Structure formats: C-alpha cells, structure tokens
Amino acid sequence: MTLPRLGNPRQKAFSHKVRTGCMTCRRRRVKCDEAKPACLNCTRGNRHCLGYVPPAATVFTLDSGQSSASNRSSSSQSPQTATSEDDLLVFKPLDATFGTDEERRSLQHFLCLTSSVVAHYGPQGDFYTVLVPQLARRSPAVKHMLVALSMTHEKFHTGVATASPNMTSQAVSHYISAIVDIRSNNPPKLHVVIASLVAWVIELFQNNLPAAIVHLRGTLKLLREYQRSKPPPSEQDALQRAILPTASLAKGLTQLMARTGPLKGEIEPGYQGHISYPWSRPMFASFVEARSVICDYIEEIADSENARDLRDIERLVAFWFQSVRRWDQENVPTPTMAALLLLFNLTLALLPSSDVAGFSYSVNPSTIDFVVDKAATLTNIQQKLEMRNEDLKQTLVIVLDFVVRLFPDSLSHGRAVLLLSQLHGQG
C-alpha cells in the first residue's frame with residue numbers, strides 16, 4: 001500500500017552554486033560576496049579571509065576567447081587586426097600610467113628582482129627583462145599576470161611565514177583579473193601567449209606542476225595557431241627572438257621537473273605550502289656541496305651511454321634544481337648563484353632534446369653561447385669586487401673548464417678558453 005501525499009510536494013529553493021567565493025566562505029559553506037582582496041562577509045565576522053582559489057588553467061587554450069568573441073557584433077573590428085599600433089610591439093618607456101601605486105610597486109620589484117631570477121634559467125632573449133614589462137603597459141592580461149608573478153615572488157623573498165596575508169589574496173586577485181580579461185575581451189593571441197608563459201612561471205614558483213603543464217600546453221597550442229596566422233614583421237621578430245626560445249625552455253624545464261614525482265609505491269604526503277619538498281630527498285647544507293653534486297651529475301651524463309642511467313640522473317638533477325631554486329627565490333640574486341645555475345644549464349645542454357627540449361645543445365647550440373656570455377659578465381663582476389669571492393671565481397673556472405672540455409665545437413669555445421686563462425691569471 002502506498003502512503004498518500006500530504007499537501008504539495010516540497011520543492012528545494014533554487015540558488016546558483018558559487019564556485020568562486022573565498023576559501024573561508026567555501027569551507028564554511030556560506031554564500032560569499034566575493035569582494036577583493038578580502039570578502040566583506042569575513043570582514044564583518046572578524047574572520048581571516050583566505051583569499052580566492054585561481055580558476056582552472058584551461059583558460060589558455062584556443063577556445064578561451066572564442067565564446068566571448070562569438071557574442072560580439074560581426075561588424076566590430078577584431079583585436080587581431082584593429083590597428084598597426086595594436087599589432088606592433090613598440091617598446092616605450094614605463095611611466096606613471098602603468099596603474100595603481102600597488103601595481104607600480106610590483107613592477108619595480110619585478111624589474112629589480114623577479115625578472116633577474118627567471119632570466120638566468122636559460123637563453124630566453126629579453127622575454128622577461130624587456131618584452132613582458134613593456135607589453136604589460138598595453139595589455140591588461142599581461143599586466144595583471146606580471147603583478148601576480150611579482151607578488152608571488154615577493155612572498156618568497158619576504159619569507160612565506162612572515163609575508164602579509166594580503167599578499168597571497170592580492171596575487172590571486174590579479175591572476176583572476178588576467179583570466180577575466182582574456183575571457184571577456186578577447187585580446188590578441190600574442191598577448192594571451194605571453195600572459196600564459198608568465199602564468200607558467202607563477203605555477204612553477206609554487207611547485208604547482210599540474211597547472212604549469214596545462215598553461216604550457218595551451219601556450220604551445222596557441223603559438224602554433226599564431227604562427228599560421230602570419231604575424232607582421234615586428235611581432236615575428238619578437239616571436240623568433242624571445243617568445244619561441246622561452247616556450248621551448250619552458251617545455252624542457254617542465255619535462256625535467258615532472259621527474260620529481262613519486263617513485264613506484266611511494267605515497268604522496270600532504271601539501272606543506274609553497275616550494276614544499278613533498279618527496280624525501282637530501283637538502284644541501286652549503287653552496288660548495290650543491291656545486292659538487294651538480295658537477296658529479298655533469299661528469300656522469302658525459303660518460304653515460306645508457307638511456308636508463310640518463311633517466312635516473314635527470315630525476316636527481318630535477319631535485320637538485322628544486323632545492324637550489326628555493327635559495328634563488330628567497331634571496332636577492334647574486335653573482336655566485338647565477339654562476340651555480342650556469343652549471344645547471346651545462347647539465348641540461350648535455351641531455352637529449354627529447355627530454356629537455358630547447359635546453360639541449362643538440363638542437364640549440366646557443367645554450368653554450370648563453371653560458372659563456374653570462375660567464376664573461378660574471379668574470380667582469382669578479383674583477384671589480386673589492387673583496388675576493390673565491391666561490392664565484394672557482395665556480396666560473398669550473399663552468400668554463402666544462403665548456404672547453406665537453407663542447408669543443410661550440411662557437412664560444414675560443415672565448416671560453418680566453419676567459420679561463422684570464423681567471424687563472426688572477427692568482
């Protein structure tokens with residue numbers, strides 16, 4: 001026997017599910033007003049607003065701007081062909097028109113510290129030091145990504161434990177603003193490519209490798225589409241000089257860092273915060289120890305004829321970079337650290353392109369030119385130092401000795417010999 005229904009069936013009230021509320025409100029399962037940098041709901045309740053989780057990284061795909069573009073009038077002009085001024089990457093001096101005081105302060109931090117950290121990871125032309133800050137002046141998406149990256153780096157530089165709570169929420173807010181601009185305003189593909197590469201660095205800084213991989217895949221897909229569109233000469237120059245080399249190095253570095261995952265049977269521990277060390281590996285107690293370890297890897301790779309051995313060494317190199325990168329991100333970039341990372345570049349130059357893409361000397365001989373150019377700059381700095389820096393000098397000697405011995409066909413081989421002789425002559 002079925003029971004009779006009493007009255008009208010009860011209907012659940014309809015409400016939109018908020019997926020972009022602050023982390024505090026989402027944990028409490030209450031509606032968030034989504035004010036930034038801190039929601040008013042938390043402010044009124046004297047609660048610490050934990051900020052906002054960045055949306056999924058799938059924004060950097062070819063479809064990211066198409067839905068918004070399809071809603072526009074067909075008579076409106078495409079941003080890709082609006083004016084020659086929009087298409088040209090005209091480098092102009094940065095001034096007070098960059099944005100708010102907060103944005104200008106972040107730009108200053110980026111120019112003085114952040115860009116120098118990412119620039120010495122490999123031969124990227126002037127992508128981070130010139131192209132990104134200059135384009136940020138005209139592209140809201142690139143500007144917000146630059147500010148987000150600068151704030152993320154500043155948090156490490158200040159110290160994650162002592163950084164202002166607002167720093168994280170402000171960085172996420174700018175990250176979201178960049179994505180909103182891309183989704184809503186359909187900027188030129190080149191702007192999206194550059195914003196995506198900056199987002200890749202943000203995720204790499206935070207050891208969020210899955211998101212970094214998604215950004216990179218979207219970037220490479222966009223680049224292929226952009227190249228087929230036959231860009232104007234000025235953009236083609238920037239593409240060949242800085243953007244394509246940076247994308248290739250990003251691919252190589254991401255492939256290498258992907259090797260830091262768990263060994264078979266190893267269980268991933270809980271997340272420990274930014275730049276955490278999820279897998280138990282030894283940390284370096286000193287600069288000399290880190291240098292000695294990477295030199296051993298270089299010798300092993302140079303002598304290895306077994307692909308399996310190379311994979312094992314690559315995994316160790318990835319962990320080495322993860323450890324050293326923490327020093328680099330949390331301190332002012334120093335000549336000694338820059339010299340140490342030249343050894344990292346030499347290590348990757350010896351590896352096959354299938355594993356490290358544009359870092360490999362086999363497909364990109366300019367990697368060694370980059371190393372020797374940087375070594376020349378650091379040698380000049382070494383000579384001008386009032387106090388003798390033996391760590392810097394010894395590291396440069398080791399770098400140049402590897403170049404002379406392992407890359408005899410490099411165009412920079414002769415220059416490396418001269419620099420090495422110059423350093424030995426200093427006594």
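Specify which of the listed residues (Ser421, Ser410, Ser360) is crowded, with 21+ Cβ neighbours inside 10 Å and farther than 26 Å from His157 by Cα. Quick ask: steps written out before the conclusion?
Values: Ser421 fails: crowded, with 21+ Cβ neighbours inside 10 Å; Ser360 fails: crowded, with 21+ Cβ neighbours inside 10 Å.
Among Ser421, Ser410, Ser360, only Ser410 is crowded, with 21+ Cβ neighbours inside 10 Å and farther than 26 Å from His157 by Cα.
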### Query
Residues in segment 320-338: is at least one among the acidic types (Asp, Glu), within 24 Å of Phe284 (Cα to Cα) and either out of contact with any Phe, Trp or Tyr (no Cβ under 8 Å at 6 or more places or on another chain) or without any contact (Cβ under 8 Å) to a residue 40 or more places away in the chain (or both)?
yes
### Query
Mind checking which residues of segment 228-243 are part of a helix (DSSP H, G or I) and out of contact with any helix residue (DSSP H, G or I) (no Cβ under 7 Å at 6 or more places or on another chain)?
Arg228, Pro233, Ser234, Gln236, Asp237, Leu239, Gln240, Arg241
### Query
Is there a residue in segment 390-400 that is touching a His at 6+ places or on another chain (Cβ under 9 Å), of a type in the set (A, V, I, L, M, F, W, C) and either free of Cβ contacts under 8 Å to residues at least 60 places away in the same chain or outside any helix (DSSP H, G or I) (or both)?
yes
### Message
Among the residues of segment 117-131, what is the count of those that are over 12 Å from the mean Cα position of the chain (by Cα) and in a helix (DSSP H, G or I)?
### Response
3
### Message
With the structure loaded, tell me whether Val147 is more than 24 Å from Met337 (Cβ to Cβ) and either touching a Ser or Thr at 6+ places or on another chain (Cβ under 9 Å) or outside any helix (DSSP H, G or I) (or both) or whether it fails that test.
### Response
yes
### Query
If a residue has to be in a helix (DSSP H, G or I), closer than 16 Å to Ile298 by Cα and touching a residue at least 40 places away in the same chain (Cβ under 8 Å) to count, how many in segment 401-427 make the cut?
3
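Only one of Val142, Val117, Val132 is touching an Asp or Glu at 6+ places or on another chain (Cβ under 8 Å) and either in the same structural domain as Tyr361 (by TED's automatic domain parsing) or in contact (Cβ under 8 Å) with a residue 12 or more places away in the chain (or both); which?
On the way: Val142 fails: touching an Asp or Glu at 6+ places or on another chain (Cβ under 8 Å); Val132 fails: touching an Asp or Glu at 6+ places or on another chain (Cβ under 8 Å).
Result of the check over Val142, Val117, Val132: Val117.
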## Note on the structure
Taking segment 183-219 and the residues there that are assigned to a loop (DSSP other than H, G, I, E, B) and in contact (Cβ under 8 Å) with a residue 40 or more places away in the chain, the one that is surrounded by the fewest Cβ atoms within 10 Å (Cβ to Cβ) would be Gln206
### Query
Across segment 24-39, which residue is modelled with the highest pLDDT among those that are surrounded by 16 or more Cβ atoms within 10 Å (Cβ to Cβ) and of a type outside the set (Gly, Ala, Ser)?
Cys32
### Task
Output yes when any residue across segment 199-215 is over 30 Å from Glu102 (Cα atoms), within 19 Å of the chain's Cα centre (by Cα) and at pLDDT below 90, and no when none is.
no
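The values are calculated or read from the model by the stated rules, or taken from the named source; none is laboratory data. Since the model is a prediction, treat every value here as computed from it, not as a measurement. In this analysis, Cβ positions are derived from the backbone assuming ideal geometry, glycine residues included, and neighbour counts consider all displayed protein chains.
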